[in-house]
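The values are calculated or read from the model by the stated rules, or taken from the named source; none is laboratory data. Fair warning: this is a prediction, and the values are worked out from it, not measured in the lab. Methodologically, a virtual Cβ is constructed for each residue, glycine included, from the backbone with ideal geometry; neighbour enumeration extends over all protein chains shown. SASA here: full protein model, heavy atoms, side chains in, ligands and nucleic acids out. Shrake-Rupley method; radii C 1.70, N 1.55, O 1.52, S 1.80 Å.
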Amino acid sequence: MSCIFFHRDLRLVSLNAFAFLFSEMVQYNQTRVDNIAELEHRLEDAGYGVGLRMLELLCHREKGNRREVRLLGILSFVHSTLWKSLFGKVADSLEKGTENEDEYMISEKELLVNRFISVPKDMGAFNCGAYVAGIVKGVLDGSGFPARVTAHFVPVEGQPRPRTTILIKFTEEVLQREARLS
Amino acid sequence: MIVCVAVVGQQNNPLFIQSFTDGDDELKFHYIVHCSLDVIEEKVTNPKKTGTTMNETFLGLLYPTEDYKVYGYLTNTRVKFLLVTTDQDVRDVDVRSFFRRFHAAYVDAASNPFHVPGKRIISKAFAERVGAIVKSFGVPTT
């Protein structure tokens, strides 16, 4: 699977190539599923493998000798390092959920993978950002922070297109461990 | 002289074991590697007692037996690298640079789309790279 990532020596992958590949991937899966939830699930699975491998690669290249054990540490790793190597910029925002202790949100005005995609109305709330959610899930699972990660459209006043939010819900054991460490 | 290198996965399952001696004591190396896993667990769960910081990757000398010394290295994804050597005067910096190159080879093997994470590494290219790294271990570099 190819992603757009920027090496230190600025070797780039073309956006067109990735857009075509991603579009084929979505179409391929669309013909083989019965409902929207399964399509999202398949995209997530595709992203999961990418996430695991990106984690190995980035930890080796960027982080030197440190291993992330704190929640905020791994979240800021995802928010800046991972986003920078995948999309060339850090994510727009990282927020903590107000209702629940275990929810965090990474928002992006327009996800790169969604740039050339428009979802027909009869598909409801389907978001191809499920692929990116899968990548984040792979990174979190690989570092020992199991979580449920989903992608949602959030309408913003004043903007014609809604922004995309990646919602991360950590499992109970992660929160317990975090409480023990702090 | 390095006699064995091993890669052990997150659930302590062996992903790759390669011995570099002519004898058929492969089983003995499996046993040594398995025992070292306990030492790694202890180091990771009790950081203050053993002196390493909580998120350091290089774990250092795990335990010396009468013939062998075992060095350990833990990656961010809880994959462990183990190095068994018979040298008596191994420099710390040599082992660190060995593990750095080994980590690079491992990352390349893991990036293989046909590699299933958690299963054995069957890439011949990885085995060759590991062989090359082992051969150049201990050779003084300028």
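Report the relative contact order of chain B, percent, no decimals, based on alpha-carbon pairs under 8 angstrom and at least 6 residues apart.
On the way: 170 pairs, mean separation 35.6, N = 142.
This gives 25 percent for chain B.
Rounded to a whole number of µm²/s, how large is the Stokes-Einstein D of region B:55-142 at 37 °C and 0.692 mPa s, given Rh as the Kirkwood radius over C-alpha pairs? Each step should come with its number before you reach the end.
Values: Rh = 14.1 Å.
Taking Rh from Cα pairs, D becomes 233 µm²/s.
Suppose the chain between B:MET1 and B:ALA104 were pulled fully straight at 0.36 nm per residue; how much longer would it get relative to their current alpha carbon spacing?
Details: separation 103, 0.36 × 103 = 37.08 nm, distance 2.13 nm.
The B:MET1-B:ALA104 span can extend by a further 34.9 nm.
Strictly greater than 36 Å: what percent of every Cα pair in the protein assembly as shown meets that?
Working: 14254 of 52326 pairs.
Taking all Cα-Cα pairs of the protein assembly as shown, the fraction more than 36 Å apart is 27 percent.
Put a dot 7 Å past each Cα toward the Cβ at A:LYS84 and B:HIS30; how far apart are the dots in nm?
4.5
Among the lysines, which have Cα under 24 Å from the Cα of A:LYS137 when same-chain residues fewer than 8 positions away are ignored?
Leaving aside lysines fewer than 8 places away in the same chain, those within reach of A:LYS137 are A:LYS63, A:LYS84, A:LYS89, A:LYS96, A:LYS109, A:LYS169, B:LYS80, B:LYS119.
Taking all pairs of different Cα atoms in region A:56-171, averaging 1/r and flipping that mean, what Kirkwood radius in angstroms comes out?
Working: mean 1/r = 0.0669 Å⁻¹.
14.9 Å is the Kirkwood radius here.
Using alpha-carbon positions, what is the distance between the centroids of region A:165-181 and region B:85-108, in Å?
What the calculation gives is 35 Å, centre to centre.
Across 10 Å bins from the origin, how do the percents of Cα pairs in region A:12-74 run, short distances first?
Values per bin, smallest distances first: 17, 33, 28, 20, 2.
Which one, A:THR150, A:VAL78, A:THR164, is farthest towards the positive end of the dipole of chain A when Lys and Arg carry +1 and Asp and Glu -1 on their Cβ?
A:VAL78
Taking both sides together, what accessible area is buried at the B/A interface, probe 1.4 Å, expressed in Å² and rounded to the nearest 100?
On the way: alone 8560 and 10620 Å², together 17380 Å².
For B against A, buried area totals roughly 1800 Å².
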